[in-house]
Each structure stands twice: as structure tokens, then as C-alpha cells.
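The values are calculated or read from the model by the stated rules, or taken from the named source; none is laboratory data. Keep in mind the model is a prediction, meaning the values are calculated, not measured. Here the Cβ positions follow ideal geometry from the backbone for every residue, glycine too, while neighbour counts run over all protein chains shown. The protein model used for the area step is the full one, side chains on, heavy atoms only, and it has no ligands, DNA or RNA in it. Shrake-Rupley method; radii C 1.70, N 1.55, O 1.52, S 1.80 Å.
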Amino acid sequence: MRKFSIFIIVSLLILFAFDRGLGYLFDSFYRQTKTGQTGGKINYYLTLPKTPDWVVMGNSRAFYQIIPDSFARPTYNLCHAGMHQIFQTGLLTQMEREGKMPKLILLHLEPEEFIGEQSNRDIQNLKFYHGKNEWITRELNALSRYEQAKFFFASYRYNGRVISLLKNYLQTIRTNYASNGYVAIEPSETDSITTIYSLQKILPFTDEKLDQHQWEYLHEFLSTCRKNGVQVICFTSPIYSYDQKKSEGVMELESRLKNMGIPYINYLEKNIPVLQQRTSLWKDRHHLNHAGAQIESRMLAHDVDSVLTLYH
């Protein structure tokens, strides 16, 4: 019995040491990674010698569509594909902690994200900051009753992300990487067909109310910006052949933004005619290719200038 107990204790100590060693190794790779959406892009921004005046934040419909060089001020595209508001707010809290708040943030909103129930698991893409950032730590722990216990293992932060971490680490050390954060979707001959085909997947209209939990994440984002003297302009990218009426929740979202004095440029309402006339400018119904992105970016730059002139 005594030998068995010793065996168990030694095994646990070896497991503990192995886990801590892996965690230390992966942390080292992570800190040096400056490419990719599993942390490298965030590292690149946070280690820039000079914080850009303007930053674009949001999901893929801003990541692939908003070209920083279109704006008059130094701008960085800090968008991440597939990420919802909880991720944007968590990332903002880390930007605040590290003194990397810009003068203005262009925040892409997906109105449908603020109605109906959301899983809010996007915050897992900020696992590296568990235990380092109180806001992120709290939201991660809230995902499940066992989530906090999982972080006892140092390597848990990289669960399911080891291959992408190593790939992005190797890409970083092999190249003299420099970026404004934008990634182009180059036009292809199949874009028009793909866009037309995607029209078959239009979901039926649902008149849902604003989800208070999702609004709180956005409100936290806006309040943090206001506290730090950062101006926020919200916008929503166009969708091809979009003609749905507004739900009660979307109207409430717009009303709350207006009450907070937050400008909102909504290209679901304010059509950019050429984008609705040419399917060749789209990758699919929701995403523009690079040719379309140039058009939206120029329009957004013009509208942002108009907003800034009006508000000043």
C-alpha cells in the first residue's frame, strides 16, 4: 500500500512538472508569435512602438473588408474572424491594461448578435490572459462550473491550439513580419456564383428583443472607451440583397447607442449602390472580396470624416 501511495504521488508530481513545463514552453512561443488569429495579431498590436491613432475592431466582415490605408490617420485592423462582442470587450480591457488605447475605435457591430441567446465562448480565444486580466478571468470562469479548475493545468490555455500556435510561431521567426492587420480576399471567377447561391440560405425574419446580457458587453466596451477618452464610431458592413425589416431588439440597440451619443454608420440601411449591383465584388452574401472591400473602405473613410466633422 505504501509503495502504491508513493507511486501515485510521484506520478502526480511528474504530471505536474510536465504540465508546467509545457505551459512554460507554449507561453514562450505565444509571446514571440506576431502572426495569426490565435494571439499573434494581438501580440503584434500590443508591441507596436507607437499606438495607431485609429483601430478597427470586429468580426470577419470588418477583418476582410476594412483597409486601414483608406483612412487619413494611422489605422490598424485588429479584427478577428468569428468573434462576438464578448471577445472585443475582453480584448479592449487588455489594451487598456497595457496602455494601448487609440484615439478612436471603429467598432463593427453585427445587430443579430444582440438578439437571441449567445454562447459567449469566444472569450476562450483570450485564454492566455486567464489569471492576468480580471475581466477576462471572470468571464472564462463563468463558462462552466469546472472552468476555473481546468486552468490549474498550465497547458489548458493551449487546448486545441498547439498546431496553430507552432505554425504561427515558425512563420513569425522565419519572416520579417509587418502588417496593418488587413487580410485581402482576392477576387475569383466563382465569386458571383457563390454569392448568388448563398441567397438560398437566407434565414426567416424573427422579431426578437434585445438580449440584455449581450448589451452589457457592448456597454462595458463603450464605457471603458469613454473612461479613457477614446471616441467610438460603430458601423455595420453591407450584406448583398439585404431587405429584412428591423426586429424590436435591433431598434432598441440603435436607440441605446443614440442615447449614449455613439455614432452608428449602418450600411444595411445606407446602401452602397455599386455593391448591390455587382455580385463580382462579393465572396459570398456576407463578405466582400478585395475589390469590394476597397469600395466599402473608401465609403467608410468618407462617412467617418463626416461624422467627425459633425461631432466637432
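G249: closer than 22 Å to M95 by Cβ, of a type outside the set (A, V, I, L, M, F, W, C) and either crowded, with 19+ Cβ neighbours inside 10 Å or out of contact with any Ser or Thr (no Cβ under 7 Å at 6 or more places or on another chain) (or both), yes or no? Judged against the criteria, G249 is not a match.
Within region 98-114, the set of residues being of a type outside the set (D, E) and under 18 Å from the mean Cα position of the chain (by Cα) comprises K100, M101, P102, L104, I105, L106, L107, H108, L109, P111, F114.
Taking the stated definitions as given, is E189 part of a loop (DSSP other than H, G, I, E, B) and of a type outside the set (V, I, T)? It is true that E189 is part of a loop (DSSP other than H, G, I, E, B) and of a type outside the set (V, I, T). Residues in region 193-213 that are among the charged types (D, E, K, R) and either part of a helix (DSSP H, G or I) or open to solvent by 80 Å² or more (accessible area, probe 1.4 Å) (or both): K201, D207, K209.
Considering region 1-49, and only residues there that are open to solvent by less than 30 Å² (accessible area, probe 1.4 Å) and more than 23 Å from the chain's Cα centre (by Cα), the residue that is nearest to I105 (Cα to Cα) turns out to be G23.
Only residues that are out of contact with any Gly (no Cβ under 7 Å at 6 or more places or on another chain), in contact (Cβ under 8 Å) with a residue 60 or more places away in the chain and either closer than 15 Å to V232 by Cβ or not hydrophobic (A, V, I, L, M, F, W, C) (or both) were counted across region 72-83, and they come to 1.
Kindly establish whether E216 is open to solvent by 40 Å² or more (accessible area, probe 1.4 Å), at pLDDT 95 or above and closer than 25 Å to D122 by Cβ. So E216 fits the description; yes. Residues in region 292-307 that are open to solvent by 30 Å² or more (accessible area, probe 1.4 Å) and more than 13 Å from S237 (Cα to Cα): H302, D305, S306. Here is the figure for region 85-123: residues that are at pLDDT below 95 and of a type outside the set (A, V, I, L, M) total 12. The set of residues in region 1-36 being small (G, A, S) and either in contact (Cβ under 8 Å) with a residue 40 or more places away in the chain or more than 18 Å from T47 (Cβ to Cβ) (or both) consists of S5, S11, A17, G21, G23, G36. In region 164-192, which residue that is over 30 Å from Y44 (Cα atoms) and free of Cβ contacts under 8 Å to residues at least 12 places away in the same chain is least open to solvent (accessible area, probe 1.4 Å)? Applying the filter and picking the extreme gives T190. Scan region 117-150 for residues that are in contact with a Ser or Thr (Cβ under 8 Å, 6 or more places away or on another chain) and among the aromatic types (F, W, Y) and the total you get is 2.
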